[in-house]
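Each remark here refers to the structure printed beneath this line.
The values are calculated or read from the model by the stated rules, or taken from the named source; none is laboratory data. Remember, predicted model here, so these are calculated numbers, not experimental data. Neighbour counts are summed over all protein chains in view; Cβ atoms, including those assigned to glycine, are modelled from backbone coordinates with ideal geometry. Areas reflect the complete protein model, heavy atoms only, side chains present, ligands, DNA and RNA absent. Shrake-Rupley method; radii C 1.70, N 1.55, O 1.52, S 1.80 Å.
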Amino acid sequence: MILLQSPSRFLLQILQDRVLSGEKGMDIDCHTVEFDDVRYHIQFSMRNPKVVVLSVALPLPPPEAILYDGLPLGAIEAIKAAYGMVVQILDPPKDGFDLTMKINLTKLPSDEEQRNAILTQIASVREVVLGAPLKVLLRHLASKTVAPNVNKLVALVHRPNESFFLAPQADKVTIVYPMRFQDSIDIVLATSFLQEFVEARRTAALNNVPSCMWSPAAPLELKGVPSDALNANAGFVTFVVYPRHVEGKKLDRTVWNLLTFHAYVSYHVKCSEGFMHTRMRRRVESLIQALDRAKSDAEKLKKLVHGGSFKRLVCTLCK
């Protein structure tokens, strides 16, 4: 199984090239889109080569997800904590985007390792912003408390017009994903994949990971949620996270894995579909080769029956 990486390779490569080029280079104005419709717009001009402007557009939130000034809970605080003086948030953001940041390259550390660590963190802005509310709730779980002024059921956006749900408690946090897919083949493969995913959790080697359940109907934790938010054609996946899963360095990894779980499943569903298509093509090719060989043998037999050598043999026997 392959886990998705948090830093955007596109952003990281551009930022590293900009730092290495110094006063040289050219004006850049680039757009890119990542999975789950997260869009980036990065700009810099040689008139001010030490400043990079990065704009981020998040997935369109569904009605049940609560945002603050267009950003998830705790996003502004998370950006300030992650980037410090290197990044300045511009208000308002550029048209069509939810967040615009001005990156001051002169504020980067002189040490190469520390500089690359901050650039990698900037390239992980998706995790910093979208994962901010999840990190707030799980940090309180680590201390066995519940975040104040938080509903009993929290909806967090992770895909366009789709959210997943958290039910925070002092001793555990329950996370529920309504799994939706557009293609009928993807629905079948995803349903089978998720059922096997749950079965794999029961092996002895995975006793310490969060418990995982799959059900075709919405679990009780989603009671009272609008029906539109529960329209899941591949069932519901539930994880139960305990304090031991978010201790120390485990927190960041847990946040990213939960935030990108649907993308993780979609990736492996497409890989499975591609693998099956490859096997089908190879099978068809082998059948065609078998037919070609059979056709070749039949033609040889036909020539033997109707050829001149057979007639000469008959005439010799007659004499």
Using a Förster distance of 25 Å, how high is the FRET efficiency between Val188 and Gln5, based on the Cβ-Cβ distance and rounded to 0.05? 0.30
What residues from region 163-184 fall in the zone where the backbone N is under 20 Å from a label point 7 Å along the Cα-to-C-beta line of Leu60? 163-164, 178-183
Over the Cα atoms of region 9-271, compute the convex hull volume and normalise it per residue, giving Å³. 150
Can you tell me the 0 to 90 degree angle between the C-alpha axis of helix 132-142 and the longest principal axis of the chain, rounded to 10? 80
For Asp252 and Arg282, calculate 0.36 nm times their separation in residues minus their Cα-Cα distance, and state this gained length in nm to one decimal. 6.6 nm
In nanometres, what is the gap between the two model label sites at Thr106 and Gln169, each 7 Å from Cα along Cα-to-Cβ? 5.4
Between the residues Leu291, Pro92, Gln195, the Cα farthest towards the positive end of the dipole of the chain, that dipole coming from +1 and -1 charges on the beta-carbon of Lys, Arg, Asp and Glu, is from Leu291
Packing rank of 8-18, 127-137, where each peptide gets the mean count of other beta carbons within 10 Å, highest leading: 127-137, 8-18
Using a probe radius of 1.4 Å on heavy atoms only, what accessible surface per residue do you get for the chain? Whole Å² is fine. 59
Using a probe of 1.4 angstrom, how much of the accessible area of region 9-271 is carbon and sulfur, in percent? 54
Using the Karplus equation 6.51 cos²θ - 1.76 cosθ + 1.60 (θ = phi - 60°), what ³J(HN,Hα) coupling, rounded to whole Hz, does each residue of region 247-260 give in order, writing x for Gly and Pro? 7, x, 6, 5, 4, 4, 5, 5, 4, 5, 5, 6, 5, 10
Length gained, Tyr242-Ser211, 0.36 nm per residue minus C-alpha separation, equals 10.2 nm
Pop the C-beta distance of Lys152 and Asp69 into the FRET formula with R0 = 22 Å and round what comes out to the nearest 0.05. 0.35
So what's the back-of-envelope 222 nm ellipticity for the chain, counting only DSSP H runs of four-plus at -39500 (n - 2.57) apiece and dividing by all residues, rounded to 500? -14000 deg cm²/dmol
